[in-house]
Amino acid sequence: MILGKLWKALAAQMNKIANFFWTADPVAQLQYEYDKAVDQMKEGREGLEQYRALVERVTRQVNGDRDHVSKLEAQVKAYLQIGERETASRFALELQKAKKDLAENEAQLALHEQAYGNNVTKVKHATKKLADLKQKIQKYDAELKLSRAEAELAKLATSFNFDITTDFGQIEDVIQDKIGLNRAKVRVAADLSGEGLDKIKTEQAVEKQMADNALREFEIQMGMVTPETAGVKADDKELGTERNKQTAT
């Protein structure tokens with residue numbers, strides 16, 4: 001009784017292990033069954049080829065029997081025509097036996113042909129089933145991979161909770177701090193580039209004015225003052241000249 005219980009317990013554990021490996025990778029299990037069926041199909045094909053060789057051998061035998069019967073018939077007719085009835089009777093007896101053998105061999109050939117045809121049909125049907133099974137295996141494999149990917153994506157979707165209390169949230173804070181620091185560096189550089197800009201513009205304007213004054217003084221000293229250099233338009237000069245003439249008159 002104790003041994004019986006131990007055996008049942010061991011069998012239950014072995015069954016559990018077998019079920020684990022059976023369900024761990026069902027596609028691999030299907031592929032194993034498919035490969036085993038393909039091997040069996042190869043063996044069946046070889047057997048079918050051997051059986052066909054037997055059918056061909058029986059066919060040759062039947063064809064030989066038919067030729068023998070035809071030859072005996074011709075001999076019986078020939079001996080009858082020349083009046084050799086005794087010899088013709090011997091050939092007639094042999095012909096009777098040959099026809100009997102021919103009928104048996106033809107019946108056997110018919111059975112072999114029928115059996116071969118049935119086996120060919122079975123092999124073709126099994127081959128089609130194997131092709132369908134292969135497509136199913138590929139389909140199941142793709143669907144399993146896709147379902148695993150979807151499950152992982154769903155898991156990641158629930159894990160990607162960007163809360164400050166999670167690792168993702170803390171990492172996000174670090175990234176945002178680095179972004180803020182980089183932007184601050186850009187702002188400081190821009191602010192520093194505008195420091196004293198008004199003063200520089202004022203100094204440039206003063207230098208330009210001083211240069212214009214120096215040029216004017218040089219033109220006056222050299223007697224090179226013209227309406228254009230003096231900032232007086234030609235029309236205003238002519239109008240001034242006309243006024244002077246009227247005053248003189």
Taking the conditions exactly as written (more than 30 Å from residue 42 (Cα to Cα) and surrounded by 12 or more Cβ atoms within 10 Å (Cβ to Cβ)), does residue 102 satisfy them or not? yes
Looking at (1) at pLDDT 75 or above; (2) outside any helix (DSSP H, G or I); (3) of a type outside the set (Asp, Glu), find the lone condition where residue 181 falls short. (2)
Restrict the check to region 161-175 and report whether at least one residue is at pLDDT below 70, of a type in the set (Ser, Thr, Tyr) and in a helix (DSSP H, G or I). no
List, please: which pairs have Cβ atoms under 6 Å, are six or more places apart or on different chains, and start with a residue in region 29-45 that is over 25 Å from residue 118 (Cβ atoms) and end with one that is assigned to a helix (DSSP H, G or I) and of a type in the set (A, V, I, L, M, F, W, C)? 30/137; 31/137
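Could you tell me which of the residues 133, 102, 95, 54 is in a helix (DSSP H, G or I), under 30 Å from residue 144 (Cα atoms) and not acidic (Asp, Glu)? Working first, answer last.
Numbers: 102 fails: under 30 Å from residue 144 (Cα atoms); 95 fails: under 30 Å from residue 144 (Cα atoms); 54 fails: under 30 Å from residue 144 (Cα atoms).
Just one listed residue meets the conditions, 133.
Would you confirm whether or not region 106-124 contains a residue that is over 30 Å from residue 57 (Cβ atoms), hydrophobic (A, V, I, L, M, F, W, C) and either in a helix (DSSP H, G or I) or in contact with a Ser or Thr (Cβ under 9 Å, 6 or more places away or on another chain) (or both)? Give the derivation first.
Of region 106-124, the ones over 30 Å from residue 57 (Cβ atoms) are none.
Taking every residue of region 106-124 in turn, none turns out to be over 30 Å from residue 57 (Cβ atoms), hydrophobic (A, V, I, L, M, F, W, C) and either in a helix (DSSP H, G or I) or in contact with a Ser or Thr (Cβ under 9 Å, 6 or more places away or on another chain) (or both).
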Return a yes/no flag: does region 84-92 have any residue that is surrounded by 15 or more Cβ atoms within 10 Å (Cβ to Cβ), out of contact with any Asp or Glu (no Cβ under 8 Å at 6 or more places or on another chain) and of a type in the set (Gly, Ala, Ser). yes
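The values are calculated or read from the model by the stated rules, or taken from the named source; none is laboratory data. All figures in this text were calculated on a predicted structure; none of them were measured in a lab. Reconstructed Cβ throughout: ideal geometry from the backbone, glycine too, with neighbour counts over all protein chains shown.
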